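The values are calculated or read from the model by the stated rules, or taken from the named source; none is laboratory data. Just so you know, these numbers come straight off a predicted model, no measurement behind them. Neighbour counts are summed over all protein chains in view; Cβ atoms, including those assigned to glycine, are modelled from backbone coordinates with ideal geometry.
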Amino acid sequence: MASAQAGDGPRDGQEKIGKWCAVMADIRCLVLDVDGVLTDGRLWYGEAAEPLRAFHIHDGLAIKWFARLGGWPVILTGKKSLAVARRAKELEIDTVIQGSEDKRRDLEEVLGQRGVPLSAVAMIGDDLPDLPVLNACGYPIAVANAVEAVRRAARFVTRREGGQGAVREAIEHLMAREGRWQEVRAHFGAGGNRGTTER
């Protein structure tokens, strides 16, 4: 099997080694897109004024533990939604950027307030508006069903699709590299080193 060349995206569930210098211990902030990452990207329209979105419970557990162990989760989305605000509150995510028309600019503004460089950021994305951040951050991640340009920009591509536990898989990958996910498993009495999304 041919090895990945520079510019090629990694195969699902595998990491691409290349231009990125960030190691897991350097990642302080995890940026999450919403539609297509925290959800499956579909919007359900009915009689209600706002379309319905579904969030995966496994993602929520991982996001909470990423924060409890010192990480800073950030939601960054181009749309505005009360459901997103409610989900963020439930997960105790205090930095939520909605209605962004320039994701890199808006992210850099909040990063500057905390003195966090883009090199200390991991982002999970799925579509073209995520590319400016993915191309600049320390650890770019794509969900399995991301558009090709996003997959090619990623250091890691999940096996799972957006809204189907991809965020959980990505966080396990990030935290396991430094042994932090094993701490989560130990908290719940789970033995061994396997993550719940491993196959």
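So which residues in region 104-132 are surrounded by fewer than 24 Cβ atoms within 10 Å (Cβ to Cβ) and β-branched (Val, Ile, Thr), if there are any at all?
Val110, Val116
Restricting attention to region 149-171, which residues are over 24 Å from Arg53 (Cα atoms) and either touching a residue at least 24 places away in the same chain (Cβ under 8 Å) or in contact with a Lys or Arg (Cβ under 9 Å, 6 or more places away or on another chain) (or both)?
Arg152, Ala153, Ala154, Arg155, Phe156
All but one of (1) modelled with pLDDT under 95; (2) crowded, with 18+ Cβ neighbours inside 10 Å hold for Gly189; state the number of the condition that does not hold.
Of (1) modelled with pLDDT under 95; (2) crowded, with 18+ Cβ neighbours inside 10 Å, only one is false for Gly189: (2).
For (1) on the phi > 0 side of the Ramachandran plot; (2) hydrophobic (A, V, I, L, M, F, W, C); (3) in contact with a Leu (Cβ under 6 Å, 6 or more places away or on another chain), each residue gets a yes or a no:
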| position | (1), (2), (3) |
| --- | --- |
| Ser81 | no, no, no |
| Val96 | no, yes, no |
| Val110 | no, yes, no |
| Leu128 | no, yes, no |
| Cys137 | no, yes, yes |
| Arg152 | no, no, no |
| Arg159 | no, no, no |
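Can you tell me which of Ala149, Ala136 is surrounded by fewer than 24 Cβ atoms within 10 Å (Cβ to Cβ) and not in a helix (DSSP H, G or I)?
Selected residue: Ala136, the only one of Ala149, Ala136 that is surrounded by fewer than 24 Cβ atoms within 10 Å (Cβ to Cβ) and not in a helix (DSSP H, G or I).
Scan region 81-122 for residues that are basic (Lys, Arg) and either over 24 Å from Leu43 (Cα atoms) or at pLDDT below 95 (or both) and jot them down.
Arg104, Arg105, Arg114
If only one of Arg28, Arg68 is surrounded by fewer than 16 Cβ atoms within 10 Å (Cβ to Cβ), at pLDDT 90 or above and closer than 19 Å to Leu174 by Cα, which one is it?
Arg68
Collect the residues in region 38-61 that are without any contact (Cβ under 8 Å) to a residue 24 or more places away in the chain and either within 18 Å of Ile141 (Cβ to Cβ) or crowded, with 20+ Cβ neighbours inside 10 Å (or both), keeping them in residue-number order.
Across region 38-61, there are no qualifying residues.
Under 9 Å by Cβ, and 6 or more places apart or on different chains, what pairs join a residue from region 116-141 that is farther than 19 Å from Gly70 by Cβ with one that is surrounded by fewer than 18 Cβ atoms within 10 Å (Cβ to Cβ) and of a type in the set (Val, Ile, Thr)?
Every condition considered, the pairs that remain are Asp126/Val147; Asp127/Val147; Leu128/Val147.
Scan region 62-90 and report the pairs whose first residue is of a type in the set (Phe, Trp, Tyr) and whose second residue is assigned to a helix (DSSP H, G or I), with Cβ atoms within less than 8 Å and a gap of 6+ or a chain change.
Partner pairs satisfying both residue conditions: Trp65/Ile171; Trp65/Met175; Trp65/Val184; Phe66/Ile171; Phe66/Leu174; Phe66/Met175; Trp72/Arg114.
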